[in-house]
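Single-structure report; data block below.
The values are calculated or read from the model by the stated rules, or taken from the named source; none is laboratory data. These numbers come from a predicted model, not from an experiment. Cβ coordinates were reconstructed from backbone atoms using ideal geometry, including for glycine residues, and neighbour counts include every protein chain displayed.
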């Protein structure tokens, strides 16, 4: 049973159109709809909060320079926080120990929470966050140092700065499709710590599926579910994450590398039929939620948003 929807990445001016299409979709009345794009925005938070069952969840990117440059706290907050990690986040190669990698990662995650706290102080209601992303490098044999840094980021996002009265806040962690195989790697002490932190921080584990629209949609959905199956076949912590799996998809009309979609320039009815079958198959496989990434460019029209939300609504309602 689908327990939530996640709608991510849009230009601010397109958010009202997206929310209109959410309202028009025949979604189950109690289904939470998490909505957010890059950065915390008070106006966007207010628009999302006005939606029945709307939940605002801003997204943060690991490489975003604004947060890596320096710590940004209010004059009242700054004296309360130790200065050790106040400067620029070093590049990973400069971090020689696990302590440094986790420490600086925690600082970056805490800076993301600083932005959420500032938005909350300005009147935004924030339900969660999103992290972009656990990338392919995390799944490589040499990925241990990067995973340690990401582990810190997740810890910082989850806990924030308790000295500034932050409380625990879990979020959605996006995982590149080529990184989903990490769940099949033998567990080492380092990987065990990584999985445990990820499970603690994650409200949802979002697998970036992004299939090209071609061939048999049911077969494509089963193939793209490999990351969900890898978690379910792992140890207790990975099995717990499998129960939080969100199928990350994209509307299909913004044709850029890595996002799949309508690569054969099908007609609208063909796309809608393929998408509906794919989404229905993913919903029936036991995912916790359904996600859509990138409502920009060719995906920003009201028609595409309507078609996409209609497929999600039918799948979430269990309609065939």
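Tell me the residue from 9, 56, 67 that is surrounded by 18 or more Cβ atoms within 10 Å (Cβ to Cβ) and at positive phi, please.
Values: 56 fails: at positive phi; 67 fails: at positive phi.
Just one listed residue meets the conditions, 9.
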Considering only the range 42-79, how many residues are in contact (Cβ under 8 Å) with a residue 40 or more places away in the chain and out of contact with any strand residue (DSSP E or B) (no Cβ under 9 Å at 6 or more places or on another chain)? 7
Checking residue 273 against (1) surrounded by fewer than 24 Cβ atoms within 10 Å (Cβ to Cβ); (2) in a loop (DSSP other than H, G, I, E, B); (3) at pLDDT 95 or above: exactly one of these is not met. Which one? (2)
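Could you grab me the full set of residues in the range 40-52 that are modelled with pLDDT of 95 or more and more than 11 Å from residue 129 (Cβ to Cβ)? Steps first, answer last, please.
Restricting attention to the range 40-52, the residues satisfying the condition of being modelled with pLDDT of 95 or more are 40-51.
Result: 41, 42, 43, 44, 45, 46, 47, 48, 49, 50, 51.
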Residues within the range 180-213 that are in contact with a strand residue (DSSP E or B) (Cβ under 6 Å, 6 or more places away or on another chain) and under 13 Å from residue 241 (Cβ atoms), tallied: 7
If you go through the range 34-53 one residue at a time, how many are touching a helix residue (DSSP H, G or I) at 6+ places or on another chain (Cβ under 6 Å), over 16 Å from residue 115 (Cβ atoms) and buried (at least 20 other Cβ atoms within 10 Å of the Cβ)? 1
Pull up the range 293-304, narrow it to residues that are surrounded by fewer than 19 Cβ atoms within 10 Å (Cβ to Cβ) and part of a loop (DSSP other than H, G, I, E, B), then point me to the one that is farthest from the chain's Cα centre (by Cα). 301
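Residue-wise test of (1) free of Cβ contacts under 8 Å to residues at least 40 places away in the same chain; (2) under 26 Å from residue 129 (Cα atoms); (3) in a loop (DSSP other than H, G, I, E, B).
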site: 229; (1), (2), (3): yes, yes, no
site: 248; (1), (2), (3): no, yes, no
site: 255; (1), (2), (3): no, no, yes
site: 266; (1), (2), (3): no, no, yes
site: 283; (1), (2), (3): no, yes, no
site: 287; (1), (2), (3): no, yes, yes
site: 291; (1), (2), (3): no, yes, no
site: 306; (1), (2), (3): no, yes, no
site: 311; (1), (2), (3): yes, yes, no
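Before we move on, is residue 313 within 22 Å of the chain's Cα centre (by Cα), more than 17 Å from residue 3 (Cβ to Cβ) and modelled with pLDDT of 95 or more? Steps first, answer last, please.
On the way: within 22 Å of the chain's Cα centre (by Cα): yes; more than 17 Å from residue 3 (Cβ to Cβ): no; modelled with pLDDT of 95 or more: yes.
Answer is no for this residue.
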Taking the range 144-168 and keeping residues in contact with a strand residue (DSSP E or B) (Cβ under 9 Å, 6 or more places away or on another chain) and either under 28 Å from residue 35 (Cβ atoms) or without any contact (Cβ under 8 Å) to a residue 24 or more places away in the chain (or both) leaves 150, 153, 154, 157, 158
